[in-house]
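Trainee: So that we are looking at the same thing, I have put the structure below in structure tokens.
The values are calculated or read from the model by the stated rules, or taken from the named source; none is laboratory data. Owing to the predicted nature of the structure, the values given are computational and were not obtained by experimental measurement. Neighbour counts are summed over all protein chains in view; Cβ atoms, including those assigned to glycine, are modelled from backbone coordinates with ideal geometry.
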Amino acid sequence: MNSANDDARPVRGMRDIMGQDSSVFNTVVDTLKQVAQSHGYSHIETPILEFSSLFARSLGEDTDVVGKEMFSFADRAGQQVSLRPEGTASAVRALISNGLTQKLPQKLYYFGPMFRYDRPQKGRYRQFFQFGIENLGEGSPLSDVDVIFLANDGLTRLGIKSKLFINSIGDQPSRTAYKARLVEYFSKYETDLSEDSRRRLTTNPLRILDSKEAGDLKIVEGAPSISDFLTNDAAAFFDSVQNGLSALSIDFSLDRTLVRGLDYYDHTTFEFKTDIDDLSLAIVGGGRYNGLVEQIGGPHIPAIGLAFGIDRMMLAYDASKLVTPPLIAVLFVTKNEELYALELAQQLRKNFNVILPTDGNLAKRMKQSNSAGACCALILGEKEVAERSVTCKFLKEVQGYANGAENLVSRDALEAFFAQICQS
């Protein structure tokens with residue numbers, strides 16, 4: 001049973017986002033929405049809760065996400081449901097359940113919380129946020145280039161420096177031949193592999209390449225390359241992707257171990273990484289998944305998508321670039337001026353950000369205004385009400401007015417006065 005102290009702290013791996021973090025959060029998300037819309041994507045909102053079988057079928061029973069990390073439980077009807085661990089499966093399910101498979105392409109973007117029972121660390125939470133896009137219905141390598149360009153566009157607009165890594169895991173014949181060769185190679189080192197990698201040797205040897213275990217990494221270095229097993233069609237597809245990126249002057253590096261952590265990928269896989277606290281961390285990841293729609297129960301539809309990791313992007317974003325709209329405080333001197341102050345605040349809120357502190361004496365409310373970051377306080381006393389004016393006291397230096405300066409301004413000229421001094 002939880003103690004009273006437990007009630008006053010967040011669940012492990014969950015966090016509150018507030019203050020400057022909230023401003024960065026909104027800036028990142030709003031920018032990505034603008035980018036997605038400028039690339040012709042429309043918004044979709046999917047439920048946080050889905051049937052567990054959706055993720056087992058799409059992500060793969062052997063993945064860490066399904067096997068270890070999902071928040072799953074039986075609802076009151078006894079049905080097994082899960083909090084969504086990622087967004088692609090839900091978007092594909094929505095495509096099928098809303099009868100959109102005959103109205104292609106569907107270019108969708110979404111944003112929201114995802115949930116994985118993972119070890120919390122900086123930039124990784126059990127409730128984390130993703131901004132995803134899904135291009136459902138286009139199979140050309142040019143659409144891969146266009147999706148990667150969208151990711152690059154979003155990071156560029158946010159001023160986040162990153163490096164792009166790409167790979168191809170080929171088509172089905174490519175992967176069948178490659179998996180057989182991987183089993184042959186890794187079997188020689190079976191006793192040295194981690195427990196998870198030994199299990200994957202019989203379930204999905206491709207995923208050993210995705211291992212983060214130090215012992216596995218040394219063995220992976222000598223593993224055969226997927227490029228030697230690509231069919232002519234798969235190799236030509238990947239060449240077209242690389243040529244398209246080069247034509248757009250998007251720098252990239254080949255990473256032959258990049259297979260991503262989920263089973264539904266084929267052909268192109270990619271990641272954008274950035275340096276955070278001396279660590280190179282992925283902040284965008286995605287790839288092509290031509291078989292997923294059919295796997296979930298729809299027709300064969302080619303598709304490609306990506307997801308931005310908002311939590312890590314917040315760490316990579318330069319918060320000093322935030323532009324904070326000016327904040328104005330309206331203060332009454334005595335209760336006699338309260339209604340005048342309320343009226344003035346409502347008038348100004350049509351065009352400006354305004355606070356109206358109501359508790360405590362004038363000095364306390366002035367202090368509250370300062371703490372809130374107001375650029376100035378409009379003081380309404382008996383004299384100001386009688387003359388239809390306000391005393392403007394600056395709480396920071398603004399457009400030539402020194403901190404602490406006072407200026408008497410007519411009510412009729414007030415909005416024009418602030419429109420001038422609030423320009424920055």
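Trainee: Taking the condition under 20 Å from TYR264 (Cα atoms), modelled with pLDDT of 95 or more and acidic (Asp, Glu), does GLU50 pass? Break it down into steps so the answer makes sense when it comes.
Mentor: Values: under 20 Å from TYR264 (Cα atoms): yes; modelled with pLDDT of 95 or more: yes; acidic (Asp, Glu): yes.
So GLU50 passes the test.
Residue by residue, here is whether (1) assigned by TED's automatic domain parsing to the domain that holds ALA36; (2) surrounded by 15 or more Cβ atoms within 10 Å (Cβ to Cβ); (3) in contact with a Ser or Thr (Cβ under 6 Å, 6 or more places away or on another chain) holds:
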residue	(1), (2), (3)
PHE308	yes, yes, no
LEU339	no, no, no
GLN347	no, yes, no
ASN361	no, no, no
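Trainee: Could I ask something else about it? Any residue in region 311-333 that is under 30 Å from ALA36 (Cα atoms), surrounded by 15 or more Cβ atoms within 10 Å (Cβ to Cβ) and among the charged types (D, E, K, R)? Give the derivation first.
Mentor: Let us first name the residues in region 311-333 that are under 30 Å from ALA36 (Cα atoms), namely 311-326.
With the extra rule that they be surrounded by 15 or more Cβ atoms within 10 Å (Cβ to Cβ), the set shrinks to 311-317, 326.
With among the charged types (D, E, K, R) added as a condition, the list becomes 311-312.
Yes, that holds for at least one residue.
Trainee: Can I ask one more? Given the conditions (1) more than 38 Å from the chain's Cα centre (by Cα); (2) of a type in the set (A, V, I, L, M, F, W, C); (3) under 24 Å from ILE421 (Cα atoms), which single one is not true for LEU356?
Mentor: Looking at each condition in turn, LEU356 falls short on (1).
Trainee: If you check PHE270 against the conditions, is it touching a helix residue (DSSP H, G or I) at 6+ places or on another chain (Cβ under 7 Å), not assigned by TED's automatic domain parsing to the domain that holds ALA372 and not aliphatic (A, V, I, L, M)?
Mentor: Working: touching a helix residue (DSSP H, G or I) at 6+ places or on another chain (Cβ under 7 Å): yes; not assigned by TED's automatic domain parsing to the domain that holds ALA372: yes; not aliphatic (A, V, I, L, M): yes.
So PHE270 fits the description; yes.
Trainee: Further question: For region 92-110, enumerate the residues that are surrounded by 22 or more Cβ atoms within 10 Å (Cβ to Cβ) and hydrophobic (A, V, I, L, M, F, W, C).
Mentor: VAL92, LEU95, LEU108 - these are the residues of region 92-110 that are surrounded by 22 or more Cβ atoms within 10 Å (Cβ to Cβ) and hydrophobic (A, V, I, L, M, F, W, C).
Trainee: Same structure again: Taking ASP233, is it more than 21 Å from GLY87 (Cβ to Cβ), surrounded by fewer than 21 Cβ atoms within 10 Å (Cβ to Cβ) and in contact with a Leu (Cβ under 9 Å, 6 or more places away or on another chain)? Give the derivation first.
Mentor: Details: more than 21 Å from GLY87 (Cβ to Cβ): yes; surrounded by fewer than 21 Cβ atoms within 10 Å (Cβ to Cβ): yes; in contact with a Leu (Cβ under 9 Å, 6 or more places away or on another chain): no.
Judged against the criteria, ASP233 is not a match.
Trainee: Among the residues of region 167-218, which ones are within 26 Å of SER280 (Cα to Cα) and free of Cβ contacts under 8 Å to residues at least 24 places away in the same chain?
Mentor: Selection gives SER194, GLU195, SER197, SER211, LYS212, GLU213, ALA214, GLY215, ASP216, LEU217, LYS218.
Trainee: Only one of PRO120, PRO105, PRO85, PRO113 is closer than 15 Å to GLY305 by Cα and not aliphatic (A, V, I, L, M); which?
Mentor: Details: PRO120 fails: closer than 15 Å to GLY305 by Cα; PRO85 fails: closer than 15 Å to GLY305 by Cα; PRO113 fails: closer than 15 Å to GLY305 by Cα.
Selected residue: PRO105, the only one of PRO120, PRO105, PRO85, PRO113 that is closer than 15 Å to GLY305 by Cα and not aliphatic (A, V, I, L, M).
Trainee: Taking the options ASP278, ASP233, name whichever one is touching a residue at least 40 places away in the same chain (Cβ under 8 Å), charged (D, E, K, R) and more than 28 Å from PHE55 (Cβ to Cβ). Can you show your working first?
Mentor: Details: ASP278 fails: touching a residue at least 40 places away in the same chain (Cβ under 8 Å).
Unique residue meeting the criteria: ASP233.
Trainee: Output the number of residues of region 123-155 satisfying the condition of being more than 18 Å from PRO47 (Cα to Cα), within 15 Å of the chain's Cα centre (by Cα) and not small (Gly, Ala, Ser).
Mentor: Quick first cut of region 123-155, residues more than 18 Å from PRO47 (Cα to Cα) only: 123-125, 135-155.
Next cut, within 15 Å of the chain's Cα centre (by Cα) only: 123-125, 150-155.
Retained after the next criterion (residues that are not small (Gly, Ala, Ser)): 124-125, 150, 152-153, 155.
Matching residues across region 123-155 total 6.
Trainee: Related question: Which of the helices (runs of 4 or more DSSP H) found entirely inside region 191-287 contain at least 1 residues meeting this: of a type in the set (Phe, Trp, Tyr)? If you could, list the steps in order and put the result at the bottom.
Mentor: Details: elements: 195-203, 214-221, 232-247.
Output list reads 232-247.
Trainee: Restricting attention to region 161-192, which residues are under 23 Å from GLN37 (Cα atoms) and either of a type outside the set (A, V, I, L, M) or not assigned by TED's automatic domain parsing to the domain that holds GLY287 (or both)? Spell out the reasoning first.
Mentor: Keep residues of region 161-192 that are under 23 Å from GLN37 (Cα atoms), which gives 161-162, 164.
Hits for region 161-192 are LYS161, SER162.
Trainee: Can you say whether THR324 is outside any loop (DSSP other than H, G, I, E, B), of a type in the set (Ser, Thr, Tyr) and within 21 Å of THR31 (Cβ to Cβ), as far as the supplied structure shows?
Mentor: Considered against the rule, which asks whether it is outside any loop (DSSP other than H, G, I, E, B), of a type in the set (Ser, Thr, Tyr) and within 21 Å of THR31 (Cβ to Cβ), THR324 comes out as no.
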